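Enquirer: There's a structure below that I have some questions on.
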Amino acid sequence: MIFSATESSGFCKRCGTVHRLESSRAVTACYSLMEKLEKHQTIELFQAIPRHRHLLITDDLFGKSRGKMFGVLEGVRRNGKTVRLYAFSGQFNGLWHVPGWAPPLFEISEFQKINYPEEKRIKTLGKELAKETRHCARWHTIKRERRKRSRLLMEKIHTLYRLTNFHGETVSLHEAFVGPGGIPTGTGDCCAPKLLNQAAALHIKPLGIAEFFWGKENKSNSRHHGHFYSSCSSKCEPILGFLLCGLNTLTEPIKK
């Protein structure tokens, strides 16, 4: 397994500066997690989950589905006890929430109400598009409608995200995001945002975050099995400034 120094960082509008959290304090915890993934070949590591057990095995990460980023946050509770939080990027075989792993930044029930009906319609449009002759008038009409519905769906989903920092401030994804253009798909679903959001919610002071890739290399060949990586620049950095805000001056227990 290959380690190189990494960090989670982002510009904070509130402070007008870049906040950073290095990886060194969480690297050992990542190696421990790697050993468990290697040995058990499942992410069912913290609590028995019989209902979804078949969805939690890691075989697909080394096959057609390719690998996924995993992350560990090492922190300390108010009583001084060291604690580790764990996260995987996005969903795992369609599951947003797996006990023992950091949850998404939105309420799953609200996500399902918005996403599933519209996603079904978008998939239907995709099937209709495949049946049409490419570049005919009908093909272009269907393609425009599918693109429009996809864009509007993503905008609705983004309104569900809630981010909490170490000042105890909670804002929407749009309020936290720093950068030109629209919010990229998948923003807020990576390991670092999940871990920091959970740490703030549980009143845990982070000491370090480390993230690694597990499984077959991604299609762009930019992620490789067992390698450590810093938080991504396109989707993470624009919101990590907000999520890390308050950490550098956090000397007293976080107030409820």
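The values are calculated or read from the model by the stated rules, or taken from the named source; none is laboratory data. What you see is a predicted model; the values in this text were computed from it and never measured. Methodologically, a virtual Cβ is constructed for each residue, glycine included, from the backbone with ideal geometry; neighbour enumeration extends over all protein chains shown. The area values use the complete protein model at the heavy-atom level, side chains included, leaving out ligands, DNA and RNA. Shrake-Rupley method; radii C 1.70, N 1.55, O 1.52, S 1.80 Å.
Enquirer: Test E35 against the stated conditions and say whether it is open to solvent by 80 Å² or more (accessible area, probe 1.4 Å) and either closer than 22 Å to L202 by Cβ or touching a residue at least 40 places away in the same chain (Cβ under 8 Å) (or both).
Expert: Values: open to solvent by 80 Å² or more (accessible area, probe 1.4 Å): yes; either closer than 22 Å to L202 by Cβ or touching a residue at least 40 places away in the same chain (Cβ under 8 Å) (or both): no.
No, not satisfied.
Enquirer: Quick one: is Q91 closer than 30 Å to F212 by Cα and open to solvent by less than 80 Å² (accessible area, probe 1.4 Å)? Quick ask: steps written out before the conclusion?
Expert: Numbers: closer than 30 Å to F212 by Cα: yes; open to solvent by less than 80 Å² (accessible area, probe 1.4 Å): yes.
When the stated conditions are applied, Q91 passes them.
Enquirer: Scan (1) within 30 Å of R25 (Cβ to Cβ); (2) within 20 Å of the chain's Cα centre (by Cα); (3) open to solvent by less than 50 Å² (accessible area, probe 1.4 Å) for the single condition L153 breaks and write down its number.
Expert: For L153, the failing item is (1).
Enquirer: With the condition kept exactly as written, say whether any residue in the stretch 67-86 is in a loop (DSSP other than H, G, I, E, B) and in contact with a Lys or Arg (Cβ under 6 Å, 6 or more places away or on another chain). Steps first, answer last, please.
Expert: First, pick out the residues of the stretch 67-86 that are in a loop (DSSP other than H, G, I, E, B): 67, 77-81.
Still in the running and in contact with a Lys or Arg (Cβ under 6 Å, 6 or more places away or on another chain): 67.
Within the stretch 67-86, one or more residues are in a loop (DSSP other than H, G, I, E, B) and in contact with a Lys or Arg (Cβ under 6 Å, 6 or more places away or on another chain).
Enquirer: Taking the stated definitions as given, is V83 touching an Asp or Glu at 6+ places or on another chain (Cβ under 8 Å) and of a type in the set (A, V, I, L, M, F, W, C)? Spell out how you get there, then give the answer.
Expert: Values: touching an Asp or Glu at 6+ places or on another chain (Cβ under 8 Å): yes; of a type in the set (A, V, I, L, M, F, W, C): yes.
Answer is yes for this residue.
Enquirer: Also: Determine whether the stretch 44-51 contains at least one residue that is modelled with pLDDT of 95 or more and under 27 Å from K148 (Cβ atoms).
Expert: no
Enquirer: Looking only at the stretch 41-83, which residues are of a type in the set (F, W, Y) and open to solvent by 80 Å² or more (accessible area, probe 1.4 Å)? Spell out the reasoning first.
Expert: The first filter runs over the stretch 41-83 and keeps only residues of a type in the set (F, W, Y), leaving 46, 62, 70.
Answer for the stretch 41-83, where residues must be of a type in the set (F, W, Y) and open to solvent by 80 Å² or more (accessible area, probe 1.4 Å): just F62.
Enquirer: Any chance you could count how many residues in the stretch 94-139 are open to solvent by less than 30 Å² (accessible area, probe 1.4 Å), assigned to a loop (DSSP other than H, G, I, E, B) and out of contact with any Gly (no Cβ under 9 Å at 6 or more places or on another chain)?
Expert: 2
Enquirer: When the stretch 16-31 is examined, which residues are found to be open to solvent by 40 Å² or more (accessible area, probe 1.4 Å) and under 15 Å from I209 (Cα atoms)? Give the derivation first.
Expert: Here is the first cut: in the stretch 16-31, the ones open to solvent by 40 Å² or more (accessible area, probe 1.4 Å) are 16-18, 20, 22, 24-25, 28, 31.
Residues satisfying the conditions are R20, E22, S24, R25, T28, Y31.
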